[in-house]
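Colleague: Provided herewith is a single structure, encoded as structure tokens, for subsequent inquiry.
Just so it is clear, none of the values below were taken in a lab; they were calculated from the coordinates. Quick caveat: nothing in here was measured; it's all calculated off a predicted structure. Cβ placement follows ideal geometry from the backbone for every residue including glycine, while neighbour counts extend to all protein chains displayed.
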Amino acid sequence: MRMSFVQTNLANNIDASNARAKLDAVAKKLIRHRIILAEILKECVEEFEGYELPFIEKNCIVGDVRVDEVSVDQDMPEMIIGSNTEDASDVEGVIHFDLVFDAIVPKTKEMIRLIINVEIQVDMDPGYPLVTRAIYYLGRLISRQKGTVFIRSDYGKIRKVYSIWICPDPKKANKNSVVEYGFVQQKVFGEVHEAVRNYDKMKAIIISFNDEGMDSENDIIKLLSTLLSTKQSVDRRKRILEDDFHIPMTREIEEEVSEMCNLGYAVENVGVEKGVEMTRLTSIRNLMETLKFTSEQAMDALKIPKEDQKKYEDKL
């Protein structure tokens, strides 16, 4: 029996989601290599500006890089040895950080521990401003330090956190850009003398790019565009990574770079999903207008799953 139009599009929608999830997983595997993280730290995190990449890679990234894992290794309350990629509370529930690792910042002879959260975000239109989610993540990274970095009211020990969002295929208005959000001091009246280190505790950085970024003069945009491209040839990408960034093509990295190309259709399917969504909305409206259905009746007639109906109800 021939599948209905709505069922066919629903199947396409599910396939696109699965492919996008695979693409996201491969991107995380590529980003988590220390040589890539060192480049991100050098180019995006001010505390590492001026330091050589080999030094950052070998001396500044602490412990294992956790990818979608729950792993907390605490030594004593005031020290974090490892980081947890799952954060939970009775009120807010559970959220997952894609990659979490600690980095030591060599500002002085002493080492300062820095928590950095790197996220892969393929969908730049998730239904809310991306920067608001980044702010929420930063808040969680700060609040979870109580009981690990500091105890009771010793807030002076709070350590700076970063949430770095890596966004392939953004909207055209945001393509090939790097933007930073953080706390700044603004004097409203009178003289105030507060050390920057006391309020400069969190920063969100959003890096957006597409394939055009492979020709960018900005190193981090060029690197990430090359690394995560789903359309450019593997040979060209390998050549740029080796020649321009001196990244050795280990068997593991080479396989992951190739896999990104193999999953290239995932990005294109995002457009398919949007098309399916618009088709469904039009069909719902038509049934409501011509047959005087309620929105719920129209969605039931179109066999739209109950768990998806609220999304369409909000968009009508």
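Colleague: Using modelled backbone amide H atoms (1.01 Å from N, in-plane), which distant-in-sequence or interchain residues come within less than 5 Å of Ile61's amide H?
Modeller: Here the answer is Ile104, since their amide H atoms fall under 5 Å of that of Ile61.
Colleague: Kirkwood hydrodynamic radius of segment 179-220 from all distinct Cα pairs, in Å? Kindly include the intermediate steps, with their values, before the conclusion.
Modeller: Details: mean 1/r = 0.0737 Å⁻¹.
For segment 179-220, the Kirkwood estimate is 13.6 Å.
Colleague: Could you work out the local net charge near Ser295, counting Lys and Arg as +1, Asp and Glu as -1, over the other residues with Cβ closer than 10 Å to its Cβ? Don't skip to the answer; put the middle values down first.
Modeller: Numbers: positive: Arg285; negative: Glu296, Asp300, Glu313.
Counting the neighbours of Ser295, the net charge comes to -2.
Colleague: Excluding Lys306 itself, what net charge comes from residues whose Cβ is under 13 Å from its Cβ, given Lys and Arg +1 and Asp and Glu -1? Before the final figure, lay out each step's value.
Modeller: Working: positive: Lys303, Lys310, Lys311; negative: Glu296, Asp300, Glu307, Asp308, Glu313.
Computed value for this residue: -2.
Colleague: To continue, here is another question. Give the order of Ser229, Ser216 when sorted by the count of other beta carbons within 10 angstrom, beginning with the fewest.
Modeller: Final ranking by Cβ density, sparse to dense: Ser216, Ser229.
Colleague: With 26 Å as the cut-off, how large is the P(r) tail for segment 148-267, expressed as percent of Cα-Cα pairs? It would help to have the intermediate numbers written out before the result.
Modeller: Details: 3020 of 7140 pairs.
Pairs farther apart than 26 Å: 42 percent.
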